[in-house]
Amino acid sequence: MAEEIKKIATRESYGAALVELGHQHDNLVVLDADLAEATKTLLFAKQFPARFFDCGIAEGNMMSVAAGLSTCGLVPFASTFAMFAAGRAFEQVRNSIGYPQLNVKIGATHGGISVGEDGASHQCNEDFALMRSIPGMTVICPADDVEARAAVKAAYAHQGPVYLRFGRLALPVFHKQEGYQFTIGKGETLQDGTDLTIIATGLMAYEALKASEALAAEGISARVINMPTIKPLDTELVLKAAEETGRILTAEEHSVIGGLGEAVCATLAENTPVPVLRVGINDEWGHSGPAAQLLKDFGLSAENLVVKAKELLKK
Amino acid sequence: MTKQEKHQLQLAACEIRKGIIDATHAAKSGHPGGSLGATEIFTALYFKEMNIDPQNPKMEDRDRFVLSKGHCAPGLYSTLANRGFFAVEDLLTLRHIGSHLQGHPNMQLTPGVDMSTGSLGQGVSAAAGMALGAKTTGKTNRVYTLLGDGEIEEGQCWEAFMFAAHYKLDNLCVIIDVNGLQIDGPTAKVMNAEPIDKKMAAFGFNVLRINGNSFEELEAAFASARATKGMPTCLVADTTKGRCVSFMENQAGWHGKAPNDDERLAALAELNTLQQQLEGEANG
């Protein structure tokens with residue numbers, strides 16, 4: 001693994017991808033709720049002011065407005081923090097967008113505990129659970145810049161509602177741009193292995209890679225699967241990993257309730273029950289602090305994955 | 001409006017009301033009170049004001065209607081059926097398994113329904129989105145949305161009103177159906193929203209307070225909405241909940257209750273009498 005690796009926040013990728021798509025597609029419009037600078041939709045707003053609509057601090061209205069816009073052949077990307085997109089506006093997303101299966105994309109930035117100093121009120125660790133529960137909703141959480149930009153483009157090309165979760169924190173860009181392909185609903189094996197499989201999403205994918213390297217040094221062969229699409233889950237890849245490695249460790253910057261870990265568990269329980277451990281936020285509130293420290297303290301680190309992997313091997 | 005035009009609208013309203021009674025009776029549930037009260041509004045929109053084509057419900061440049069008070073689906077369905085979007089007989093399948101007529105409007109299932117609604121406060125936002133979408137794509141179609149006076153207790157309505165005025169959506173006509181009653185009783189007692197007209201004016205709307213059961217007043221108000229540029233229009237339409245069925249008029253209890261067999265017959269008898277009177281007037 002490279003010593004010096006470039007870091008970019010996936011919200012930056014979101015903003016950049018919107019600009020790129022904006023040049024290609026006249027029907028793409030962007031909405032924000034007074035957070036354009038933070039969500040990075042300001043990049044789009046500056047280039048395409050006639051296709052950018054600030055809705056003010058009114059996320060519920062924004063989601064339903066986006067629904068209305070989509071019925072006119074436009075493809076709206078409605079943007080705000082994950083807490084307000086999936087949380088506050090849950091029912092608008094469900095009833096105005098999800099139920100009529102409208103072609104609205106939700107760009108939710110500042111997901112997870114790595115929001116940092118703003119504290120628990122803004123650290124949304126429930127968005128996968130909320131969005132997964134809506135029939136027909138696609139839920140994507142990219143792991144780095146390359147994947148995030150490709151995911152935004154894939155979301156545009158996809159017919160139907162998509163929830164995209166981006167982060168505030170700059171993340172190592174570990175994918176190579178050249179030849180990179182993103183397919184909604186497909187996981188990616190980053191590292192092959194035989195003793196166990198770590199299935200990770202978002203910023204935990206890179207931590208899983210680092211953990212795999214550390215485990216290898218101790219003679220443990222850990223497969224690493226990056227799972228950017230939480231829903232629909234790549235069950236084929238999950239079951240193959242269970243059959244071939246016999247143990248699964250999940251890793252996500254989300255509550256252990258309702259997220260990737262539970263989705264993986266449900267698939268395994270119904271098909272190939274194998275021992276599992278879940279790394280995530282353990283049904284507790286976050287608090288203020290630097291993102292890096294919080295991630296470490298809440299166990300969202302390669303070091304903790306190593307500990308949990310060893311624990312799992314004893315099960 | 002010519003006398004003949006008004007007469008045609010009145011007869012259509014009679015048929016629509018009979019459909020509301022039959023549909024809710026067959027469903028054994030549903031919302032007849034508000035549907036009956038808003039019937040002139042539905043009729044005026046679909047039989048006169050709006051540019052729509054029942055043979056081509058998805059016509060690109062059509063005017064749009066969003067029933068933000070989605071529980072008055074029986075009123076919308078009966079209007080669409082009587083306008084020719086689908087068979088009037090379908091009304092008897094309301095709320096039944098397999099029916100395209102869901103308890104609240106579903107745009108994926110019912111021809112002519114422009115937006116799925118039912119959760120109060122959301123439809124008006126979607127209508128604002130449609131109006132903004134029309135402007136963004138250079139279309140000249142208009143968007144109408146009907147809210148209840150109880151519904152505007154939802155904060156999202158006011159978010160949408162702010163939005164509509166901010167974006168100068170003069171192609172949007174918001175109609176607030178003020179029948180003065182909601183489930184728990186009179187709106188004035190449950191949660192008083194008056195003075196609605198002053199609030200809407202303060203929010204930046206062209207406001208007209210009208211009798212929402214008068215075809216003449218509705219026609220004039222829609223004309224004013226069309227002529228007003230740079231701001232959305234709000235019709236604060238006073239109506240009588242349960243109108244034309246004497247035992248349902250102004251009764252909160254008929255908000256979400258279906259007529260039983262006897263009540264259906266009594267209601268239809270009143271409506272048939274009204275229809276005969278209208279026909280008599282026309283012939284005489």
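The values are calculated or read from the model by the stated rules, or taken from the named source; none is laboratory data. Remember, predicted model here, so these are calculated numbers, not experimental data. A quick note on method: Cβ atoms are made from the backbone with ideal geometry, for glycine too, and the neighbour counts reach across all protein chains shown. Keep in mind that these areas ignore ligands, DNA and RNA; they rest on the heavy atoms of the full protein, side chains included. Shrake-Rupley method; radii C 1.70, N 1.55, O 1.52, S 1.80 Å.
Contact order for chain B, expressed relative to its length and based on alpha carbon pairs under 8 Å spaced 6+ residues apart, stands at 24 percent.
Dividing the C-alpha radius of gyration of segment A:112-199 by 2.2 N^0.38 Å, with N its residue count, gives 1.22.
Measuring gaps between exposed loop sites in chain B (GluC sites (Glu not before Pro); DSSP loop; at most 16 other Cβ atoms within 10 Å), the longest gap, sites not included, is B:61-248. Among beta bridges identified by DSSP and lying wholly in the protein assembly as shown, the antiparallel ones come to about 15 percent. Can you find, among B:181, B:144, B:231, the residue farthest towards the positive end of the dipole of segment B:129-231? Put +1 on the C-beta of Lys and Arg, -1 on that of Asp and Glu. With unit charges placed on the Cβ atoms, the residue in question is B:231.
Ignoring aspartates and glutamates fewer than eight residues from residue A:310 along the same chain, the ones with Cα atoms less than 20 angstrom from its Cα are A:192, A:195, A:207, A:213, A:218, A:243, A:244, A:252, A:297. Set the Cα radius of gyration of the protein assembly as shown against 2.2 N^0.38 Å, with N its number of residues, and you get 1.10. For the residues of A:45-57, the average number of beta carbons from a partner chain within 10 Å of their own beta carbon is 2.
Between residue A:282 and residue A:192, the modelled label-to-label distance comes to 3.6 nm, taking each label 7 Å out from Cα in the direction of the beta carbon. Restricting the trypsin sites (Lys or Arg not before Pro) of segment A:149-208 to loop positions (DSSP other than H, G, I, E, B) with no more than 13 neighbouring Cβ atoms within 10 Å leaves A:176. For the chain pair A and B, buried accessible area totals roughly 1900 Å², probe 1.4 Å, rounded to the nearest 100.
Computed over protein heavy atoms with a 1.4 Å probe, the accessible surface of segment B:144-284 works out to 43 Å² per residue. Excluding residue A:159 itself, what net charge comes from residues whose Cβ is under 15 Å from its Cβ, given Lys and Arg +1 and Asp and Glu -1? It works out to a net charge of +2.
Once you have the Kirkwood Rh of segment B:89-154 from its Cα pairs, apply Stokes-Einstein at 20 °C and 1.002 mPa s and quote D in µm²/s.
Diffusion coefficient, whole number: 159 µm²/s.
The modelled label-to-label distance between residue B:189 and residue B:247, using points 7 Å beyond Cα along the C-beta direction, is 2.2 nm. Where the centre of each part is set by its Cα atoms, how far does segment B:46-61 sit from segment B:75-123, in angstrom? Computed from Cα coordinates, the inter-centre distance equals 15 Å. Using a probe radius of 1.4 angstrom, the carbon and sulfur fraction of the accessible surface of segment A:25-123 is 51%. Between residue A:47 and residue A:269, the FRET efficiency from the beta-carbon distance, with R0 = 51 Å, is close to 0.60. In this structure, the pairs whose alpha-carbon distance is over 24 Å, taken from B:18/B:198; A:40/B:58; B:58/B:139; A:40/A:153; A:6/A:210; A:210/A:296, are B:18/B:198; A:40/B:58.
The mean sequence separation of alpha-carbon pairs under 8 Å and at least six residues apart, normalised by the residue count of segment A:150-259, gives a relative contact order of 31 percent. Selection among B:126, B:86, B:74 by position relative to the dipole of chain B gives B:126 as farthest towards the positive end (Cβ unit charges, Cα centre). A simple spin-label model places the labels of residue A:25 and residue A:57 3.2 nm from each other, with each point 7 Å out along Cα-to-Cβ. Remark: chain B carries a charge dipole of roughly 620 debye about the Cα centre, counting +1 on each Lys and Arg Cβ and -1 on each Asp and Glu Cβ. Compactness of segment B:1-148 was expressed as the Cα radius of gyration divided by 2.2 N^0.38 Å, which yields 0.99. Within segment A:194-307, the proportion of C-alpha pairs whose separation exceeds 16 Å stands at 56%.
What percent do you get for the relative contact order of chain A when only Cα pairs under 8 Å and 6+ apart count?
17 percent.
For the Cα atoms of chain B, what angle does the longest principal axis make with the long axis of helix B:155-166, in degrees from 0 to 90, nearest 10? It works out to around 50 degrees.
The residues of chain A expose, per residue, 37 Å² of accessible area to a 1.4 Å probe.
The Rg/Rh ratio of segment B:131-284, with Rg taken over Cα atoms and Rh as the Kirkwood radius over Cα pairs, comes to 1.05. According to the Cα-based calculation, Rg over Rh for segment A:1-138 is 0.98, with Rh computed by the Kirkwood formula. Based on alpha-carbon atoms, the Kirkwood radius and the radius of gyration of segment B:64-113 give Rg/Rh equal to 0.90. Shielding of peptide A:66-79 by partners, expressed as the average count of other chain Cβ atoms within 10 Å per residue Cβ, is 6.
Going by the alpha-carbon gyration tensor, a ≥ b ≥ c the square roots of its eigenvalues, is chain A rounded (a/c under 1.5) or, if a/c is not under 1.5, prolate (a/b greater than b/c) versus oblate? Verdict is prolate for chain A. For segment A:26-88, the orientation-averaged shadow of the C-alpha convex hull comes to 3.9 nm² (one quarter of the hull surface).
The H on the amide N of residue A:109, modeled in the peptide plane, is under 5 Å from the matching H of A:80, A:81, A:82, A:166, each at least 5 residues off or on a different chain. For the protein assembly as shown, the Cβ-based charge dipole about the Cα centre amounts to some 560 debye (Lys, Arg positive; Asp, Glu negative; other atoms uncharged). Net charge of the neighbourhood of residue A:257, taken over other residues with C-beta under 9 Å away and scored Lys/Arg +1, Asp/Glu -1, is -3.
Rounded to the nearest 10 degrees, the inclination of helix A:302-313 to the longest alpha-carbon principal axis of chain A is 50 degrees. A cut-off of 5 Å between modelled amide H atoms, ignoring neighbours fewer than 5 places along the same chain, links residue B:257 with B:33. Each peptide in A:5-13, A:279-287 gets a packing score, the mean of other Cβ atoms within 10 Å over its residues, and the list from highest to lowest is A:5-13, A:279-287.
Mean partner shielding of peptide B:117-125, defined as the number of other chain Cβ atoms within 10 Å of each residue Cβ, is 6.
Computed from backbone phi with θ = phi - 60° and the Karplus coefficients 6.51, -1.76 and 1.60, the 3J(HN,Hα) list for segment A:63-79 is 5, 6, 4, 4, 4, x, 4, 5, 6, 9, x, 8, 10, x, 10, 9, 10 Hz; x is used for glycine and proline. Estimated purely from DSSP H runs of n ≥ 4, each contributing -39500 (n - 2.57), the mean residue ellipticity at 222 nm for the protein assembly as shown is -12000 deg cm²/dmol once divided by its residues. Taking amide hydrogens as placed 1.01 Å from N in the peptide plane, the amide H of residue A:247 sits under 5 Å from those of A:197, each at least 5 positions away in sequence or on another chain.
Taking the C-alpha atoms only, the angle from helix A:235-245 to the longest principal axis of chain A is near 10 degrees.
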